[in-house]
2 protein chains.
Amino acid sequence: MITLHTPICDVLNIKYPIIQAGMAGGSTTVELIANVCNAGGLGTLGAGYMMPDDIRKAIRDIKQQTDRPFAVNMFCAKDPINPNEKKREHEVKDVLVSTGKHLGIKEEDIQFHTSDPFDERFQVLIEEEVPIISTAFGILPADKMEAAKKRNIKVISMVTTVKEAMIAERAGVDVIVAQGSDAGGHRSTFDIKEHPQGANIGTFSLIPQVVENVKIPVVAAGGVMNGRGLVAALALGAQGVQMGTKFLGSKESGIHPLYKKALFDSTEEQTVITKNFSGRPARGIKNTFIEEFDDSGVPPLPYPIQNTATSSIRKEASKQNQIEYMSLWAGQGLRFIHQENPAEMIIKELMGEAEKILG
Amino acid sequence: MITLHTPICDVLNIKYPIIQAGMAGGSTTVELIANVCNAGGLGTLGAGYMMPDDIRKAIRDIKQQTDRPFAVNMFCAKDPINPNEKKREHEVKDVLVSTGKHLGIKEEDIQFHTSDPFDERFQVLIEEEVPIISTAFGILPADKMEAAKKRNIKVISMVTTVKEAMIAERAGVDVIVAQGSDAGGHRSTFDIKEHPQGANIGTFSLIPQVVENVKIPVVAAGGVMNGRGLVAALALGAQGVQMGTKFLGSKESGIHPLYKKALFDSTEEQTVITKNFSGRPARGIKNTFIEEFDDSGVPPLPYPIQNTATSSIRKEASKQNQIEYMSLWAGQGLRFIHQENPAEMIIKELMGEAEKILG
């Protein structure tokens, strides 16, 4: 029997088995998170790139708007940075200056950083007593996992292979999000050296294999857009779904209006997996920036250096309404997103469709 | 309500909504096809590379062993062959001679052909009155579609995008197989110039988008390995499933014993999409041949030239039990295939699991 109220609803203390993905880059507004939570799902703050003080403010604002549990998503990458790669900064700079010339990008705008205030971010989550922490690109370090457990904070980790799921389970994670290659945005692959383009197992294949090999609850991510997707995920053995792209198109999402329009207008054929924006593989709608960087023949720098290097281009593109130079993260279910609906309506419609399918 | 007896069972006159994929290369033995049909599924002869007389013999043998309907699969590629590509034959030959030296491959063993007895194959299907024709890489030409229709032969076409599904529907196809990127073997993408690596939409995302955009029945392919997969496919809106990898591992499958063992021993992480064997993108277990050809930096020739060029290496590899030089087509659900079961047991177990999930 397939039922919509799965054990994960009790584990996370939510009404419906629906997680709004913790997408970084400003899309997960306080309003989106709070409305998802108030509608019975789990909202997630995408804090992967946020400054600690901004995270603190967002958490306090969320708590003003909902008394339901919410999650904060952290990036836990431990990608090796080869010193030889550092030597290639000048060639990457050349490509970016040339590509960004329409936007007025100059050499001094291209910055290369590796610093990442991970510990400071985590400290905020502890101090502000967030109910749930979710991670991408890896799991929390052992001491931080212990700190979270001690405070009864639930931990969710996103994986792209069975092996990663087993690593997460052994580390004490409460819930696994299995991210199929259908998903938009960054691949959550832990070891980027082993899988330079990400581990790209389709959602349909990944979910049941992860479910079969761990004992903790599994949530399906990648291509879930409606009630059909929820029921299929449950049939594959998942206890719920995580949706990113669908909520990117919501009324409350903080993405650029042209990006939102691109989501409504694109089809399943138009996304590619690229490392050109951040140095880590991510799925988005193909545009001029991706093509020009590919055509240059210069490989992108490792994450997070490439991300800082492309930051000024992405910011200027947004300011100047130049969609061809923004990162347009999106999954493969694009034909199911047509218009800007409120998050609450997205959740209600989805649950209604699922109930109808189950009869 | 999800029910296991879908309209497609009546369209194709089968008991269960399960199609055994028409894999080329000798895996679909007469015994496999007949046993699938007798167990209530639809068996398919993979005739893509077969000589017309061999097809005729196989059809007659199948009819001896079952009175149930069966299908014959045809390759309908219309890939453009650029004359400049022809000039690269010598560099491909160099790579193949070097890669094949362990197998005793010499220059004269590497052959380049483009001829394909498509019309002669089709003529056999008409003369022998096969009940169902299925196609990959494209649809039947209009005159052949008409000839099939006139004789009440049902036509199934495998697609990888919504656009291809709409082309197939307009051409009069009876049933669409939507092949997600999870699938093993060749991508069925029609226009290889538009999608040089195949259109790789995950099964989970592709199925509901195809279902939403055509009126004819859709069958899900790519990563279906068990009852969970069947129920999930039905939830996504499909009327049935097509399975390749699962039947490759069956007792009746005609693949090399070491290939079969590789299916049992591999995981979801070990497949890649490669054009190195045939010139068309196909998913298989990564081995030395794929790696060495990649490392050469020489692009494979177009299909079917690359296929004829690698033929002697594949044949010798099989004779000499050298698994590192065989084509090991496989989908992404590999952890669900452990041992050699008869086709009938595969179908019975799958239907039993599906019934249990539906309660």
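Condition check ((1) of a type outside the set (Phe, Trp, Tyr); (2) in a strand (DSSP E or B); (3) within 17 Å of residue A:188 (Cβ to Cβ)) across all residues:
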| site | (1), (2), (3) |
| --- | --- |
| A:116 | yes, no, yes |
| A:123 | yes, no, no |
| A:126 | yes, no, no |
| A:129 | yes, no, no |
| A:135 | yes, yes, yes |
| A:138 | yes, no, yes |
| A:156 | yes, yes, yes |
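Being in contact with a Pro (Cβ under 7 Å, 6 or more places away or on another chain) and among the aromatic types (Phe, Trp, Tyr) is the requirement here; does residue A:70 meet it? Please lay out each step first, then the result.
Values: in contact with a Pro (Cβ under 7 Å, 6 or more places away or on another chain): yes; among the aromatic types (Phe, Trp, Tyr): yes.
Yes; evaluated as a whole, the condition is true for this residue.
Quick one: which residue in B:168, B:220 is of a type in the set (A, V, I, L, M, F, W, C), more than 9 Å from chain A (Cβ to nearest Cβ), buried (at least 23 other Cβ atoms within 10 Å of the Cβ) and not in a loop (DSSP other than H, G, I, E, B)?
Numbers: B:220 fails: more than 9 Å from chain A (Cβ to nearest Cβ).
Checking each option against the conditions leaves just B:168.
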Query - Among (1) modelled with pLDDT of 95 or more; (2) of a type outside the set (Phe, Trp, Tyr); (3) surrounded by fewer than 23 Cβ atoms within 10 Å (Cβ to Cβ) - the single one residue B:159 does not satisfy - result: (3)
Query raised in the report: Given the structure, is residue A:210 at pLDDT 95 or above, over 18 Å from residue A:41 (Cβ atoms) and surrounded by 24 or more Cβ atoms within 10 Å (Cβ to Cβ)?
Result: yes
Report task. Can you work out which of the residues in region B:171-195 that are facing chain A (nearest Cβ under 9 Å) and within 19 Å of the chain's Cα centre (by Cα) is surrounded by the fewest Cβ atoms within 10 Å (Cβ to Cβ)? Result -> B:195
Query - Those residues of region A:310-359 which are surrounded by 18 or more Cβ atoms within 10 Å (Cβ to Cβ) and within 14 Å of chain B (Cβ to nearest Cβ), in sequence order - result: A:330, A:331, A:332, A:333, A:334, A:335, A:336, A:337, A:350, A:354, A:357, A:358
Query raised in the report: Within region A:112-156, restricting attention to residues that are crowded, with 18+ Cβ neighbours inside 10 Å and among the small types (Gly, Ala, Ser), which residue is farthest from residue A:22 (Cα to Cα)?
Result: A:148
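Could you check, for region B:278-287, whether at least one of its residues is at positive phi, surrounded by 18 or more Cβ atoms within 10 Å (Cβ to Cβ) and either of a type in the set (Val, Ile, Thr) or modelled with pLDDT of 95 or more (or both)? Quick ask: steps written out before the conclusion?
As a first pass, look at region B:278-287 and keep what is at positive phi: B:279.
Applying the additional criterion that residues be surrounded by 18 or more Cβ atoms within 10 Å (Cβ to Cβ) yields B:279.
From what is left, the residues that are either of a type in the set (Val, Ile, Thr) or modelled with pLDDT of 95 or more (or both) are B:279.
The answer is yes, given that some residue of region B:278-287 is at positive phi, surrounded by 18 or more Cβ atoms within 10 Å (Cβ to Cβ) and either of a type in the set (Val, Ile, Thr) or modelled with pLDDT of 95 or more (or both).
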Report summary line: Considering region A:260-277, residues that are surrounded by 22 or more Cβ atoms within 10 Å (Cβ to Cβ) and of a type outside the set (A, V, I, L, M, F, W, C), and then whichever is nearest to the other protein chains (Cβ to nearest Cβ), we arrive at A:268
Report summary line: Taking region B:145-179 and keeping residues under 17 Å from residue B:43 (Cα atoms) and in contact with an Asp or Glu (Cβ under 6 Å, 6 or more places away or on another chain) leaves B:154, B:155
Query raised in the report: Within region B:324-334, how many residues are under 20 Å from the mean Cα position of the chain (by Cα) and farther than 18 Å from residue B:24 by Cα?
Result: 3
Query - Selection within region A:262-315 - in contact (Cβ under 8 Å) with a residue 40 or more places away in the chain, out of contact with any Lys or Arg (no Cβ under 8 Å at 6 or more places or on another chain) and basic (Lys, Arg) - result: A:275
Query raised in the report: Looking at (1) in contact with a strand residue (DSSP E or B) (Cβ under 7 Å, 6 or more places away or on another chain); (2) at pLDDT below 95, which is the one condition that is false for residue B:116?
Result: (1)
Query - Conditions (1) buried (at least 17 other Cβ atoms within 10 Å of the Cβ); (2) more than 30 Å from residue A:359 (Cα to Cα); number of the one not met by residue B:104 - result: (1)
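May I ask you to say which residue of A:198, A:237, A:254 is more than 10 Å from every other protein chain (Cβ to nearest Cβ), surrounded by fewer than 24 Cβ atoms within 10 Å (Cβ to Cβ) and touching a Pro at 6+ places or on another chain (Cβ under 8 Å)? First the steps, then the outcome.
On the way: A:237 fails: more than 10 Å from every other protein chain (Cβ to nearest Cβ); A:254 fails: touching a Pro at 6+ places or on another chain (Cβ under 8 Å).
Being more than 10 Å from every other protein chain (Cβ to nearest Cβ), surrounded by fewer than 24 Cβ atoms within 10 Å (Cβ to Cβ) and touching a Pro at 6+ places or on another chain (Cβ under 8 Å) holds for just one of A:198, A:237, A:254, which is A:198.
The values are calculated or read from the model by the stated rules, or taken from the named source; none is laboratory data. Being a predicted model, the structure only gives us computed values, none of them experimental. We place every Cβ from the backbone using ideal geometry, glycine too, and count neighbours over all the protein chains shown.
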